[in-house]
Every structure is written in structure tokens, then in C-alpha cells.
2 protein chains.
Amino acid sequence: MRSLRKTVLLALLASVVLVVALLHSWPTRTYSTVDVRQRPGPMVEHHLEERLPELDHRSGNIPYRLKESVASLLARNGCVCEGENGGVNIPFAQLLFPRVSAHPLHTAFEASELEEMKKRRAKEYQGFQMRSQSPANAIILAEANSPLQYPTQGVEVRPLKTILIPGLALQDLSREIYSINFTVSLGTLNVAAEVEGVTIKGDGEMHMSLSSSLMPNLNRQLQFVTYTNTLFHPSTADTVQFETEGHQAIFTIKIRHGVTPKLYNTGPQGEYNISALVTIATKTFLRYDKLQDLIDSVRRYYPTVTIVIADDSENPKTVSGPYIEHYIMPFGKGWFAGRNLAVSQVTTKYVLWVDDDFIFSSNTKLEKLVDVLERTTLDVVGGAVREATGYTATYRQTISIEPGEEEGDCLHMRRGFHHAIQGFPNCVVTDGVINFFLARTDKVQQVGFDPRLTRVAHLEFFIDGLGSLHVGSCDDVIVNHATKIKLPWVSQSESDKTYAKFRYPPASSDATHTKNGLLFFKNRFQCLTRN
Amino acid sequence: MRSLRKTVLLALLASVVLVVALLHSWPTRTYSTVDVRQRPGPMVEHHLEERLPELDHRSGNIPYRLKESVASLLARNGCVCEGENGGVNIPFAQLLFPRVSAHPLHTAFEASELEEMKKRRAKEYQGFQMRSQSPANAIILAEANSPLQYPTQGVEVRPLKTILIPGLALQDLSREIYSINFTVSLGTLNVAAEVEGVTIKGDGEMHMSLSSSLMPNLNRQLQFVTYTNTLFHPSTADTVQFETEGHQAIFTIKIRHGVTPKLYNTGPQGEYNISALVTIATKTFLRYDKLQDLIDSVRRYYPTVTIVIADDSENPKTVSGPYIEHYIMPFGKGWFAGRNLAVSQVTTKYVLWVDDDFIFSSNTKLEKLVDVLERTTLDVVGGAVREATGYTATYRQTISIEPGEEEGDCLHMRRGFHHAIQGFPNCVVTDGVINFFLARTDKVQQVGFDPRLTRVAHLEFFIDGLGSLHVGSCDDVIVNHATKIKLPWVSQSESDKTYAKFRYPPASSDATHTKNGLLFFKNRFQCLTRN
């Protein structure tokens, strides 16, 4: 009997210990609920700076004269695509005097489906806007003659963490009592130290007041004000309202993780180790002979650089060799899908894009391109492609987007570049380049080649990269282009014919449809101009 | 003779016309040179808010008492990874009372190579910092009692475009003459209109002055001040110094392209059309039987949804069927390379990640996951995976990064979540989820699965996505996991054995090396803690 009671007691004791231990480790934090549903928030007043100011009652009668040269540069409400008319109608006109042409994009769709497409696009765009807007982009004005000193920029806190708010101070006239209020909405306010002579109310809450009869003490207290983010969001901003007698100031605290670096091992220091730094990427379709010519030419100069090949031929052949990675895709999956596949496999710091009909020569010095990216902040640097005729192209394009209204934005593309680059006399800064370029792998993977583009496409990558990619172009690194001239006495091979069928689709086919249809729907353009 | 002269004259005339036309269309813009070389710029004072303020001469003697509960939340200089010691040493201890363990990451490297790795990492990090810093992140303080009113946030201009600067005004005491100066460095200042009674100097230059004896006139003029960006950069900010007698204000103008949307066509409105909205993506290696079970189970509920399969088996078998896309990779290229490949091919708005040994059931309602992403701002929503035992896991993980100094940052991962989600009672917000999730295709492609991770890896995707991805997890959408229990009387198949060899590598192999080595080098961590 005694041993039984002992066992029962022991078991009871063990359970109690277990339960206590469990309760102890039970999460004590009460999880609150956050509303992350998509709802239209307060509309940010974007057009404030874009319209000329209306007459207001204070300045109603002060005469002014418009300065047309400047006023004409300001953005209008909405945008238009206008081509240049007239011009000399002679042979090679477009070559000698490239004129700007305008192209509406809704024509990608049948009239019957256009309304539906516009509605769907507007709905998707609304979702996009709700996800991309942030209080950190709203226009905030600093009041004049405010006794408040505060930080207008640069205050950041990581999600759910705490910071000291820098730079708060009060420089007021003499008063009996000085009183300051703070209000936040995505976190709480507190103080890291309590200063003598200051009354604190609401510490640990969303609304806090500090008051004192001594301004120096209040200012010392202000140096200890803290903000703690409590409502989790990986990337947002809280608005702090900071006020005293008759004056208010507003500033934002960005709530976000730091930017986590994506660094690449570059191999031993010293000279540029191209095999450690660069992977060559290309896409092929039916042109195994040209592809092999490319590989052979690369190997003459770079015997150990990895070559990644995306292949969507119907009956894929084996392409093998040291440092060759061959990827087989579903037949005809497409051009940009293949490009996206190839770059998705790159493990080196840089990726060199080449077309499968390029030939490396002694002028194809990858070290020069690496040097540009190693020593500048550029993300992409294009080279030059030489045709059999000797004609060498860099295909530099500047790209800009003019914001429109419900109809969509206007895309403007022009041949040319923005600036030369200091220290690199053969190089310039532009927005789009030819299909022979070296790029930072992480940036290219981040922008991506949209797999929805199946056939003819090129600048779409640079359009998607606008704002992310800093693009350069150097004309002294040259790769040769295997001839495309259809010599009349040379009959096309069967594979050449099939290739041509896919590569150059007839005007009414899906390819043009997809390209312009995507610009219309995906990027929300109404039209484009180019020269 | 006459006809010859006529021909010569005509030729001469034609050449003159040609030359004139060429000169006319010659770009008249003089291209300036821009310096985009990587150089250390002014170091941004990040630690300002993180340190408790030093005693300064004005508040030298004011006593204060530290509030430990708040002061302890502030970031220290550097970070540490500390595990929890002690605890009950009983069976299932880690399961019942998960304790935090700390892991240094430099151990991924041999002692002989560690110094070299640290040097290389520091050099790469320096380049990264130079490319990511912006004047838009610097701390700026608004002066107290300044007669200047100005915009502290929200002023943006597209590269090389012009805007009106909003909100400028002067509210000064009575003076003989009011004078305001502006200075910018990446563009020029001007006025869109000239107001009577105001003297303007330096319009069209980097330094402009406005003066007047009449304050209302000066204020009217201030409403017409414009900024034009002239030094091209796709994403930067200019600092405007704005001053009057004895007072100065500083604010930034962001110079950047707008964010170009990447919208997806969602198919006809109405009920969720899963085939139009979702692509299922998976990676397979040697487990064709399990893969076929997965496909069969998917087809029972979603007969037309596209399934993308990345396959790096040694001797790939054909996997075919309607709406199946099979991609062949080089043998053993790797886990994350395969994941990156699969998602790089997705053309629908959402992508559903599944492992190749999952089985769909009637509880695998993709419509529920789509509903979450359609109606919230979340980018990823994980589901739950049910083992043969009935045990269902959501593998929710919260992730935070504590900034360190030269040694690197500290990565902290904890089981759990941040908040419940309003309107979705079975769902929460977290940072990492199990390998069964629906995600916005553009966000997943933007973050990417690093192809350098060849074998075991999971949370690395969510670590790379920190700050970009808003992650949710719902426990009411369940997929089954084909059994992993090694029943002793069932002999392993040959392919199972080979699979196990690659999937569960021995402790000293490259896999662990790559995972921790990458965290150390690529993301610049010194250590991690987890429970």
C-alpha cells in the first residue's frame, strides 16, 4: 500500500512540475489582430507639385508673367504620344533623319475585348497601388516660426524594435509651463530615462505628453523619447504628430528591415578571375551549329568560364563539355522564358548575356566590362556587336515614362545616351543596350525577363528595369555577329527555315499581340513613342 | 557641256541640302560627363538614434534616472547571439520546452581561409554600401523658429524632368528687404513665372536668389519655383539648401522613375479561375513515382492547372501530360537552383510551391489561398502539411536581423507568428512558412531562390525576402505529405537510397558548408539564434 501511495504521489508531483513548466514556457504575449486587407487608403496628393498654383486669397492680386520656357517643362495632367510629321520622303530617310513615331497600344486587343481588358487592368492596378503606397511618400510641410525642432528625414526602426527619436527640442518663448504632446499609430512612445522636473503622461502608449516649467529640463527629457513599433509590417512608416501650444509638426518614422546584402565570392584577389566572376548565359532554338561556333569561340579565350544554355528546341540535341550547363525546356516555351531560365541558374557575381549566334574575337575582352562594374555603381554594361559588313552597333536607348491618367502612362524611347562616364572614355550612361551585356547577377535576377514574352522582345527587360538598373554602354568591347545576310545563292537549311518561322512571325500573329498587349496590360501604358 | 554643268550644280545643291538637313537633325545637346565610380561618400550617421545622448554643455547638470525597461530595448553597438542554457534534461525536452540555441557561422570555413574570406566579404560589402546609400536616408533636422516654410517629405521628380517645388513660403518679421537663396547639386532651379517686384538671380543655375521688399510678392514668387534634374541617375536624391537671413532649411528631392507596375491578367471575373490565376511549381530528383502521385492528386481537383517541374535527375525520365511543363537540368545542379528555375517560368499572377512528395486532398482548397492574396496586401500565404501520423505543421517562423559591426549581423529566428489577420480567422502574419505556399509571382521572382544553395535549405528564401515579402500562414488549407516513415520491413528502393544520399548529406559535406558559408558571406551574418 505504501509503495502504491508513494507512486501516486510521485506521479502527481511529476504532473504538477510538468504543468508548471509548460505554463512557464507558454507564450505570454497576447497576439493582437492586424488588418492587412486591401482597402483604399487616404489618397496621396501627387499632383500638388505638378499644377501651377491657383490664385489664393492672400496673393490674389499680385501680377506675374508666365515663363513659357520653364512652364512648358512641367508635367501635364495625363500624357500624349505624338509622332513627328512631315519630313523628307527620300530613301534611307529613317536612317539619316530618324523621326519619332507614336504607337497606341490598345490596338493589341480586339475591339470586343478592349473594354473588359481595361476594367481588369484598372482593378489590378488598384491592388498594386494599395500595396505600394506608404505614408513615407506623402507630402509634408514644415511650418514656419514653430518653436519645435524635430527630424524631418532619416528616422528608421526595424519592425517591432525600439529607437530613440533624435533631434527633438523646444525653443519657445518664456512661459509658465511648457507642454508637448506626441501621437503615433503603429507603435508606442516612451522614455529611456526620466528627467527631474518633467511630468510624463502616457509613456508606453500611443499618445504621450511631457510637461515642465523648466525648458532646459523638458529639452533634456526630449533627448530620451523612444518609439517602439508594435503593429507588425515588414515595410511601412508611422506618422508622428508632435505639438505644443499652437504649433504642430509631422514627421515619419520608417518601419522596415535593413537591406540584407547579397554578396558574391569573387575568387582570389589580384587580376580579374573571369571564371570565378562571370557566367555566360544564352538561349538557343534549333541553331546548334551557330551555338557550337559560339562555344568554340568562347573557349579560345576563356577555357573555363561556365556557359549556361537554355534550349527550347523541339528535338533537343546534346550540348556538352566542361563548364557547359545545358537546360532543356518544353518546346517553343519562348525567348524571354529561356532568358529568365538561364539567368536564374547563375551563381557568379556577374552574368554575361550573349545571343547564340555571336562569335567571340580578340576584341571581346570581358575584363574591360568587369572593370567597369567593379569600379562604378553601374548594374549593367553593354558592349558592341559587329555585323559581317563591319557595321558595329551599341543600340543605346534612353527610356522615360510620362505618367498618364486612367488611359495609362506614355512610354518614350529614343536612341542615344545621357552622359559620358568619368574615367571610362569609351563608355556612356543610358537606359537600354544591345543584347551583349555584362550585369550584376542579383540585379538582373531581381528585374527578370518576363516569361510571358514568347517571341520578339528586347527593350521590355530594360523597361521593367527602369529605376532599378543603372545602365552603361561601352563601344570598345566587341563581339561578332554570325552573318544574317541572306545571300541569294545560298539555300536556307531546313533548321534555318523553321527558325525563321518562329523568329519572325507574321504581323497578325500572337507575338506582336503579346508584346504590345503586355505593355498595355502589365505595365499600364496607353501608347509609346520611339525613333 | 551645259548638261554636265547642270548635273554638277544639281549634285552640289543636293549635297548642300543633305548637309543642311543632317546638321539640322544633329543632336544639339552637349553630353556632359558623369562620375559613377564607386567612392566612399559622406558616411551617414546611422547610430545617432541608437545611442543614449551624451551630456552636452547646455543640459550638463540636469539629473535624470534611467528607465531600464525601455533603455534595454535600444540597439547596442554590435550584436550577440546568445543561447538559453540549462533547462530540464528529459526526453522530448526540445519539443516541449524549445530552447534558443546560438550558432556562430564562421565555422563554415577552414581556419586557414577565414581571414581571406573576411577580407573579401568586407570589400564586397563596401561596394554594396556605396551602391545602396542615398541622400534620401540621411538624418535631417528642422530648425526651430525658422521663418521658412518648406516641404520635408514627398517631393519627387523623374530623372531629367522638371517639377514645381511645393509649399515654399517665408513668414518673416518686417524687414527692408527679404532675400532667399537656394542651392542644389544634381539639377538647376528656375521659376515658372516672374512675379512683379521680385528680383531673380541665377534662374537656370544650381544657385538661385530671390529678393523683394514686399513679402507677399516674394511668397507668390516662391509658388513658382521649379527644380530640373540635369545629372542623370535612375534612383537618387538631391539635397536642397534653402536659406534666408540667419536661417537654413534642408530638404531632399527624390530623383527616380515611378514604380512601373507588373500586372497580370486574371481571366474572366467572377469565381476564382484557378487555372488562369495559379501555376503549380515543384522540383523533383529521382522520385518519379512520388511526382506522378502528386500530379495525379492535383488533377483530381484541378484538371487544367499548369504544373511546372524542374528536374535535375541523372537519367531524366519523360514526364508529360496536358498542362505539364517539364524542365531538364544538369545532373545534381541543386535544390534552390531547381526552385529558381521553376518559378522563373511562371506566367500566371500566383505561383503555388509544392514539394514533389505532396498529395492533394479535398482539404487542399487553393481557392482559399487565392482569396487571401486577392483580398489582403500579403505577398505569400503558407498552408499546412499533414504527415501520415496526422500531425499537421505550418512551420511558422519569425525572423529578425540585429545589425552588427565588422563581424557581421545577427540573425534571429523563432517559431511563431506576429499577429492574427482581421477577417481571416485561420490565418496569421509571420516571416517564414512551410514549403507549401501560394505567392505573388512577381514578388517571388524578385526575391528568388539562390542557386548557390544546392542541398538542404528552406528559410534562406525568407531571409532573402525579409523586407520585401509580407508573409501569411493559414492552417485550414492542408496538403498531405507522402509518408517518410522508414518502416523496418519495407526495403528501400534503389532510387530511394540514391535520393537519401543526396538529400541527407553527411555532416562534414559541402551542404552545411554552403548553407552557413552563404549566410556568413552573402548575407554578412556572424551568427544565428533559433529555437
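Expressed as an acute angle from 0 to 90° and rounded to the nearest 10, what is the orientation of the C-alpha long axis of helix B:2-25 relative to the principal long axis of chain B?
The two axes meet at around 70 degrees.
So what is the 222 nm mean residue ellipticity for chain B from helices alone, if each DSSP H run of at least 4 adds -39500 (n - 2.57) and you divide by all residues, rounding to the nearest 500 deg cm²/dmol?
So the calculated ellipticity at 222 nm is -7500 deg cm²/dmol.
Using packing as a proxy for protection, rank A:429-438, A:273-282 so that the peptide with the highest average count of other Cβ atoms within 10 Å comes first.
Packing proxy ranking, top to bottom: A:429-438, A:273-282.
Which of the listed residues, A:364, B:432, A:179, is farthest toward the dipole's positive end in the protein assembly as shown, when Lys, Arg count +1 and Asp, Glu count -1 at the beta-carbon?
So the residue we want is A:364.
Just check the stretch B:328-367 against the gyration tensor rule for me: Cα atoms, a ≥ b ≥ c as the square roots of the eigenvalues, rounded for a/c under 1.5, and otherwise prolate or oblate depending on whether a/b exceeds b/c.
oblate
Between residue B:324 and residue A:275, what FRET efficiency comes out of the Förster formula 1/(1 + (r/R0)^6) with R0 = 60 Å and r the beta carbon distance, rounded to 0.05?
Once the sixth-power term is evaluated, E becomes 0.95.
Can you figure out the FRET efficiency of residue B:107 with residue B:85, using R₀ = 22 Å and their beta-carbon distance, to the nearest 0.05?
The computed FRET efficiency comes out at 0.65.
Distance between the C-alpha centers of the stretch A:305-329 and the stretch B:217-237? Whole Å please.
The stretch A:305-329 and the stretch B:217-237 have Cα centres spaced 52 Å from each other.
With no solvent and one equal point scatterer placed on each C-alpha of the stretch B:103-186, evaluate the Debye formula and give log10 I(q)/I(0) for q = 0.14, 0.15, 0.22, 0.27 Å⁻¹, two decimals.
With no solvent term, the Cα-only Debye profile gives -0.75, -0.81, -1.24, -1.39.
Take the Cα radius of gyration of the stretch B:289-421 and divide it by 2.2 N^0.38 Å, with N its residue count; two decimals is plenty.
The reported ratio for this selection is 1.27.
In a shell of Cβ-Cβ distance under 12 Å around residue B:152, excluding residue B:152 itself, what net charge do Lys and Arg (+1) and Asp and Glu (-1) give?
Taking every other residue near residue B:152 into account, the sum is -2.
So for the pair residue A:206, residue B:199, with labels modelled 7 Å out along Cα→Cβ, what separation do we get in nm?
Label-label distance for residue A:206 and residue B:199, simple model: 5.3 nm.
For a quick check of your reading of the filter: which GluC sites (Glu not before Pro) in the stretch A:289-374 sit in a DSSP loop and have no more than 11 other Cβ atoms within 10 Å?
Within the stretch A:289-374, the qualifying GluC sites (Glu not before Pro) (loop, at most 11 other Cβ atoms within 10 Å) are A:314.
With no solvent and one point on each alpha carbon, what is the Debye value of log10 I(q)/I(0) for the stretch B:156-232 at q = 0.19, 0.24, 0.25 Å⁻¹?
For the stretch B:156-232, the Cα-only Debye profile gives -0.74, -1.08, -1.15.
Compute the Cα gyration tensor for the stretch A:344-404, then decide on rounded, prolate or oblate, letting a ≥ b ≥ c be the square roots of its eigenvalues: rounded whenever a/c is under 1.5, prolate when a/b is larger than b/c in the other cases, and oblate in all that remain.
oblate
Taking 7 Å along the Cα-to-C-beta vector as the label spot, tell me the residue A:456-residue B:171 distance in nanometres, rounded to one decimal.
6.0
Name all residues of the stretch B:419-460 having a backbone nitrogen under 15 Å from the label point set 7 Å from the Cα of residue B:375 along its Cα→Cβ direction, giving them as ranges.
The answer is B:421-428.
Over chain B, one equal point on each Cα, no solvent: what is log10 I(q)/I(0) by the Debye formula at q = 0.10, 0.12, 0.13 Å⁻¹?
Ignoring solvent entirely, the Cα scatterers give -1.03, -1.24, -1.34.
Averaged over B:457-470, how many beta carbons belonging to a partner chain fall within 10 Å of each residue's beta carbon?
3
Under the definition of Cα pairs under 8 Å and six or more residues apart, what whole-number percent is the relative contact order of chain B?
Relative contact order for chain B comes out at 15 percent.
With +1 assigned to the C-beta of every Lys and Arg and -1 to the C-beta of every Asp and Glu, and no other charges, what is the dipole magnitude of the stretch B:250-340 about the Cα centre in debye, to the nearest 20?
Roughly 440 debye, rounded to the nearest 20.
Classify the stretch A:283-361 as rounded, prolate or oblate from the Cα gyration tensor: take a ≥ b ≥ c as the square roots of its eigenvalues, call it rounded if a/c is under 1.5, otherwise prolate when a/b beats b/c and oblate if not.
Oblate, since a/c reaches 1.5 and b/c is not below a/b.
Which chymotrypsin sites (Phe, Trp or Tyr not before Pro) in the stretch B:262-311 sit in a loop by DSSP (not H, G, I, E or B) and have at most 12 other Cβ atoms within 10 Å of their own Cβ?
none
How far is helix B:111-132 tilted off the main Cα axis of chain B, in degrees rounded to 10, range 0 to 90?
Orientation of helix B:111-132: about 40 degrees from the principal axis.
What list of whole percents do you get for P(r) of the stretch B:196-275, with Cα-Cα distances grouped in 5 Å bins up to the one holding the largest distance?
3, 10, 15, 17, 12, 9, 6, 5, 5, 5, 4, 5, 3, 1, 0
For chain A, give the magnitude of the charge dipole about the Cα centre (Cβ charges: +1 Lys/Arg, -1 Asp/Glu; no others), in debye to the nearest 20.
1440
What is the magnitude of the charge dipole of the stretch B:307-399 about its Cα centre, with +1 placed on the Cβ of each Lys and Arg, -1 on the Cβ of each Asp and Glu, and no other charges, expressed in debye to the nearest 20?
I would put it at about 240 debye.
Give the angle, between 0 and 90 degrees and rounded to the nearest 10, that separates the Cα long axis of helix B:288-301 from the longest principal axis of the Cα atoms of chain B.
Taking the Cα atoms of chain B, the angle to B:288-301 is about 70 degrees.
Label residue B:362 and residue A:405 with points 7 Å out from Cα along Cα→Cβ: what is the distance between them in nm?
The answer from the label model is 5.3 nm.
Write down, largest first, the equivalent ellipsoid semi-axes of the protein assembly as shown in whole Å, where each equals the square root of 5 times an eigenvalue of the alpha-carbon gyration tensor.
Ellipsoid half-lengths, sorted descending, are 47, 47, 26 Å.
Among the trypsin sites (Lys or Arg not before Pro) in the stretch B:399-485, which ones are in a DSSP loop with at most 16 other Cβ atoms within 10 Å of the Cβ? Mind listing them?
For trypsin sites (Lys or Arg not before Pro) across the stretch B:399-485 that sit outside H, G, I, E and B with at most 16 neighbouring Cβ atoms in 10 Å, the list reads B:484.
Taken together, the values in this text are just the output of simple stated rules run on the coordinates, not laboratory data. Please read these numbers as outputs of a predicted model, since none were measured by experiment. Virtual Cβ from ideal backbone geometry, glycine too; neighbours counted across all protein chains shown.
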